[in-house]
Amino acid sequence: MVGLYEYFAAPDDTAAAAAVRCDAASLGLPSIGLVIGIDPALQMARLESLLRGIENGLVIGEPRWCVPVTSLKRGRGPWIVTITDGLCESLAAADDTALAQTVWLWARTQPLSVTELARRENALADFLSDFADLAREARASDRHLYCWMSL
């Protein structure tokens, strides 16, 4: 099953929860728009571990790791979860070289053919560039990152 995700920034959990029934941008919240298949629980933990140089298990232990801010309905969503402040800070601080190195490592977390790997690396590079911009905007305006998701 492929999920739909929207990563966005909001000042707090209450403001983020308001985006459960509509896209975050329509509420004036900064967003990178819908993405397919970049799950906050699985893929964001790996991304954060690569950026921060820590084990996945430490990321999963973070206080804001995938905490639901809306109730889960029938297990398919939509619902909204938090993204850790550590990931937001790491993305906001990362320069282009660090992001490129992270994409290279991140793309190789699954066995893929050379063609699939090139496609995945390009898609992840685009996503990570947008996500880092969102994190910088969030930090500059004292906001947190969130993910709207539906499976």
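The values are calculated or read from the model by the stated rules, or taken from the named source; none is laboratory data. What you see is a predicted model; the values in this text were computed from it and never measured. Positions of Cβ are backbone-derived with ideal geometry, glycine not excepted, and every protein chain shown enters the neighbour counts. Accessible surface is based on the protein model in full, side chains and every heavy atom, while ligands, DNA and RNA are left aside. Shrake-Rupley method; radii C 1.70, N 1.55, O 1.52, S 1.80 Å.
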Backbone HN-Hα couplings from phi across region 16-23 [Karplus 6.51/-1.76/1.60, Hz, Gly and Pro as x] = 5, 4, 5, 7, 5, 9, 8, 6
In whole angstrom, note down how far apart the Cα centers of region 125-151 and region 2-33 are.
-> 10
Relative contact order [Cα under 8 Å, 6+ residues apart], the chain, whole percent | 37
Tilt relative to the chain, helix 114-140 - C-alpha long axis, 0 to 90 degrees, to 10 | 50
Which value, in Å², gives the accessible area per residue of the chain when a 1.4 Å probe is used on the protein heavy atoms?
-> 51
For the chain, longest principal axis from Cα atoms; helix 96-107 axis from its Cα atoms; angle between them, nearest 10 degrees, is 90
Computed over the Cα atoms of the chain, what is the ratio Rg over Rh, Rh following Kirkwood?
-> 0.95
Size of electric dipole in region 85-148: Cβ of Lys, Arg +1 and of Asp, Glu -1, about Cα centre, debye, nearest 20 | 220
Express the carbon and sulfur contribution to the solvent-accessible surface of the chain as a percent, rounded to the nearest whole number, probe 1.4 angstrom.
-> 54
Unit charges on C-beta of K, R, D, E only; dipole of the chain, Debye | 540
